[in-house]
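The values are calculated or read from the model by the stated rules, or taken from the named source; none is laboratory data. If you're wondering where the values come from, they're calculated on a predicted model, not measured in any experiment. Here the Cβ positions follow ideal geometry from the backbone for every residue, glycine too, while neighbour counts run over all protein chains shown.
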């Protein structure tokens, strides 16, 4: 008996250390936009940003080829009065428009806009790059100089474009849209109109100064004396000039404080505690500046490097190469908080590199398949604390994921996708504990939580399987909620009933990418099982402005409804009585059109968002 008792005591003691329940429940999920839409932007831009009201700002692209659909198909998804109509140029095989979307915390789309990719040398491209702690917005505008909607303001960093015909402007707008300042950004002299993309990273410090990192061949007005690299390196790849990386610090009025070049391209930039952390690219042949500092973690050259700079003066504190020397690994993201510096990416397995990204005591010390993800922690001095793989026998990657890493105190979240037949990556009793399909041609997306010691807490799949390849998924944590944003081919598993766009809208049911977004809330904060959107019904729909709501929750507590039109404008609010069936009379108030009916419980938690059509 004593042995049995001891066994159960040991079992009870073991469970809390090795298992943790999945603490989230999905509040809502929706498809968003046309087929051919992607979550891809460029490596330096976060694909999800949040404002002070916890609205989600998404960036992506939408392709008009090879769907061969008219512009009207794409324009039906537009919400709000901004942006431009979707543009198709039949003479260009890949017609791509930039997408900008804004979604409120309840899952209602407030804006869905297109910006042309400068197809005919007319119009302009606009992209949200950053939102600071004062809720100011930083937009990048790109076009032929004559078509730019905003000109540089007095005393801002660059007053003129270094390109004779093209220009890229960074503009800071107040929360109400007022222009605060604007500056040109460096543009490569060999840039063509279709490839006009500054690809800058932006970070901010506590005083409102901002830091820009990018690449250019501009040879003046960037550096200041005494910084890490205050002279431009003129290097060539055969006959093509190699761009220098750069970092520039601007004050809150857009005036330059300091600037430095950097030998390689800069992919990511993060600020923390008066320091800048960057991910750099492959070192060019002929470089005269040391990528790796003395006594660094890795002195053997690789395709990626990590750097720390002094944010006060632009001097470098340390630098290290990081990754396989044969180029078979890549860094996808870096982030920094009060617990350390975290780097995430994926790596190919071979005999020479096996185990490079694994340290003892972490979740997974070696590769399990041909490709696996890795997550590494460094301290602020550049010493690696731990590193772990994550993956199975399938091909597991973070490729094309623009935002696959998120930090929340001691918690670390990563995302990725696995292609082909492989073992189950999920842990039991998570949101989705097994893939829908496990075949050679299937892609399955996943998200994972680690603690600050490199131990996996849980892993879950998201959505149903897609019979396709390279379908990225991104992650963010904001105000205790977890968000996923990506793209899929699957027609099921990504939306909740009564969500903004519960289905893929495709006239010919072609198997093409469509974007999705989802919100997860902590279970102790989210609505109860009885409050799920599927428990509420709205009828008749369409109607003449008078309609009914029915659901068990309506007789249990005092609920409210709010109506918005499709531009996001607030129309009506009403407190409901405690009855299972409610009749709403708005015939005299609502015009013909489409509305979003939002139903909230007594604590103002969102219960349902129902699209309603009025035909009066």
Out of curiosity, is residue 139 in contact (Cβ under 8 Å) with a residue 40 or more places away in the chain and not in a loop (DSSP other than H, G, I, E, B)?
no
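Residue 462: under 21 Å from the mean Cα position of the chain (by Cα), under 30 Å from residue 53 (Cβ atoms), crowded, with 16+ Cβ neighbours inside 10 Å and touching a residue at least 60 places away in the same chain (Cβ under 8 Å), yes or no?
Here the answer is no, as residue 462 does not meet what is asked.
This table checks each residue for (1) touching a strand residue (DSSP E or B) at 6+ places or on another chain (Cβ under 7 Å); (2) touching a residue at least 60 places away in the same chain (Cβ under 8 Å).
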position	(1), (2)
565	yes, no
572	yes, no
579	no, no
582	yes, no
585	yes, no
595	yes, no
598	yes, yes
Within the bounds of segment 342-352, is there any residue that is over 30 Å from residue 257 (Cα atoms) and without any contact (Cβ under 8 Å) to a residue 12 or more places away in the chain?
yes
Residue match in segment 392-406 (condition: in a strand (DSSP E or B) and closer than 15 Å to residue 520 by Cβ):
yes
Determine if segment 246-264 includes at least one residue that is over 20 Å from residue 139 (Cα atoms), surrounded by fewer than 22 Cβ atoms within 10 Å (Cβ to Cβ) and out of contact with any strand residue (DSSP E or B) (no Cβ under 7 Å at 6 or more places or on another chain).
no
Kindly indicate whether residue 298 is surrounded by fewer than 20 Cβ atoms within 10 Å (Cβ to Cβ), within 24 Å of residue 417 (Cα to Cα) and more than 29 Å from the chain's Cα centre (by Cα).
no
Being assigned to a strand (DSSP E or B), buried (at least 18 other Cβ atoms within 10 Å of the Cβ) and on the phi < 0 side of the Ramachandran plot narrows it down to one of 457, 385, so name that one.
457
When you go through (1) touching a strand residue (DSSP E or B) at 6+ places or on another chain (Cβ under 9 Å); (2) within 30 Å of residue 294 (Cβ to Cβ); (3) at pLDDT below 95 one by one for residue 352, which number turns out not to apply?
(1)
Against the definition (within 25 Å of residue 406 (Cβ to Cβ) and either over 21 Å from the mean Cα position of the chain (by Cα) or at pLDDT below 95 (or both)), how does residue 214 come out, yes or no?
yes
Among residues of segment 239-257 being in a loop (DSSP other than H, G, I, E, B) and modelled with pLDDT under 95, the residue nearest to residue 184 (Cα to Cα) is 243
Mind listing whichever residues of segment 199-233 are assigned to a strand (DSSP E or B) and farther than 12 Å from residue 245 by Cβ?
202, 203, 204, 210, 211
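Quick grid of which residues meet (1) within 30 Å of the chain's Cα centre (by Cα); (2) surrounded by fewer than 17 Cβ atoms within 10 Å (Cβ to Cβ); (3) assigned to a strand (DSSP E or B); (4) not assigned by TED's automatic domain parsing to the domain that holds residue 555:
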| site | (1), (2), (3), (4) |
| --- | --- |
| 578 | no, yes, no, no |
| 582 | no, no, yes, no |
| 591 | no, yes, no, no |
| 594 | yes, yes, yes, no |
| 597 | yes, no, yes, no |
| 602 | no, yes, no, no |
| 609 | yes, no, yes, no |
In segment 476-499, anything closer than 15 Å to residue 432 by Cβ and in a strand (DSSP E or B) is listed as 482, 484, 486, 488
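For residue 65, are the conditions met, namely being over 22 Å from residue 609 (Cα atoms), out of contact with any helix residue (DSSP H, G or I) (no Cβ under 6 Å at 6 or more places or on another chain) and modelled with pLDDT of 90 or more?
Working: over 22 Å from residue 609 (Cα atoms): yes; out of contact with any helix residue (DSSP H, G or I) (no Cβ under 6 Å at 6 or more places or on another chain): yes; modelled with pLDDT of 90 or more: no.
Taking the combined requirement at face value, the residue does not satisfy it.
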Anything in segment 217-231 that is crowded, with 17+ Cβ neighbours inside 10 Å and either in contact with a helix residue (DSSP H, G or I) (Cβ under 7 Å, 6 or more places away or on another chain) or at pLDDT 95 or above (or both)? List them, or say none.
222, 223, 227, 228, 229
Out of all the residues in segment 318-329, is one or more buried (at least 20 other Cβ atoms within 10 Å of the Cβ), at pLDDT 95 or above, under 22 Å from the mean Cα position of the chain (by Cα) and within 24 Å of residue 408 (Cα to Cα)?
no
